[in-house]
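Peer 1: Structure in structure tokens, see below.
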Amino acid sequence: MDRCIVLVDAGYLLGAAASLLAGEPSRSRITVDHTALIQGLRERAESDTQQPLLRIYWFDGAPDRVPQPEHRRLRVMPRVTVRLGALTRSDGRWAQKGVDAAMHAELTELARNRACSDVVLVTGDGDLLPGMMAAKEHGVAVHLWAVQAADGDYNQSEDLVAEADERRVLDRTWITKAVRAKDFTGVCAPQPAPRPEIAAILSAPLPESALGAATDRSAPQPRHQEAGAGQNGTEERAPAPKGVPTPKDLAALRAPGAQPAQHPASATLRWSSDKGWVDRPTAEPPEAASMPTLAQLTTAEQRWADREEDITTVGGDPFEVGQVFARRWVERLGDQTHLPKLSGMYPRIPHRVDGELLRYAARFGLLAHKDDQIDERDRYAIRAGFWREISVRTGVEHPPVEA
């Protein structure tokens, strides 16, 4: 059919753009206006092929194939389809897995079904050579686009270059319409301002009770106490003590009669999922159990609007995610008597609301396993954002406990 399709290897396009603009292929060194980039690709494809665009396929990698915020925004754009491969870490570097195979399968399938007359490939990987040859055999014209190389040389497979019907180089002028290098000196894209809430949390001293427990655990133990035989005959080790007090530790310090000298520098965030030195109570107090969840306060229309906002506006920063969740919860809360109750529970969040908050954060790829460990700092930032928004919305500031 007389129309064109664009297949984009995002790893190549953005990595080459980063090399060109920032001097290294790390995508963290650039900021991308995806709306402008997609529009630029569409206009250039229709101009080069003299055919209307059918669709742009965006191939990229993501940890555990969980869509990241940029993928969530891209996949709701008109005429854009996102295909995700895996993103794995090896020898300290991230590598895409399955992206080339997905591009090859899509290219051959489109050509076999005669879905288009022209295909634009934005890639540099020679693994796509068999797919390019198969597309040509089915009568499809193949256009190969390259990003201008930083050193003026090729950044594509020579076999791809030789086999393509048409070639074009996306130069610096074209790239900079949608991509900019981050200026880490603070001119164009300053680093985010430090958040004292999170810094105070991570640097807060432990309560004396926690320190005592940690000392007891670190003391030499008889061998029969250090390890025991598990049910399957395997050796079981006692969990290592954590260096972060729980909300109950901090709540105990704020109780009447507590000595000021025992107070940590900040009580902004110590939360229930940190299993430490005090057991969680078997049941929450009635005021916490009666606290409504955001799902209970949200209508179907609001839920739809929330998803649109998540996709188009919310960037996925952990602190921002906590703020957005808290803003919606406060705005939809009918019974305002819950707010002083919530403030009285600080720094703990009611268990049901807290679980819902973390599930919401998981939509943005937060709390996913990174190198087989859960990113605890993301959790701190999510809850810090929640409490900051609660303070702003209610006017009830939660000052740090005096040391």
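The values are calculated or read from the model by the stated rules, or taken from the named source; none is laboratory data. What you see is a predicted model, and the numbers here were worked out from it, not measured in a lab. No Cβ is skipped: glycine too gets one built from the backbone with ideal geometry, and neighbour counts run over all protein chains shown.
Peer 1: So Phe59 fits all but one of (1) touching a residue at least 40 places away in the same chain (Cβ under 8 Å); (2) of a type in the set (Phe, Trp, Tyr); (3) surrounded by fewer than 19 Cβ atoms within 10 Å (Cβ to Cβ); what number is the exception?
Peer 2: Phe59 satisfies all of (1) touching a residue at least 40 places away in the same chain (Cβ under 8 Å); (2) of a type in the set (Phe, Trp, Tyr); (3) surrounded by fewer than 19 Cβ atoms within 10 Å (Cβ to Cβ) except (3).
Peer 1: Count, please, the residues in region 334-357 that happen to be at pLDDT below 85 and part of a loop (DSSP other than H, G, I, E, B).
Peer 2: Count: 8.
Peer 1: So Leu21 passes all but one of these: (1) in a helix (DSSP H, G or I); (2) under 30 Å from Arg112 (Cα atoms); (3) touching a helix residue (DSSP H, G or I) at 6+ places or on another chain (Cβ under 8 Å). Which condition number does it fail?
Peer 2: (2)
Peer 1: Another question about this same structure. What tally of residues in region 317-333 results from selecting those that are outside any helix (DSSP H, G or I) and more than 16 Å from Glu287 (Cβ to Cβ)?
Peer 2: The first filter runs over region 317-333 and keeps only residues outside any helix (DSSP H, G or I), leaving 317, 333.
If we keep only those that are more than 16 Å from Glu287 (Cβ to Cβ) too, we end up with 317.
Number of matching residues: 1.
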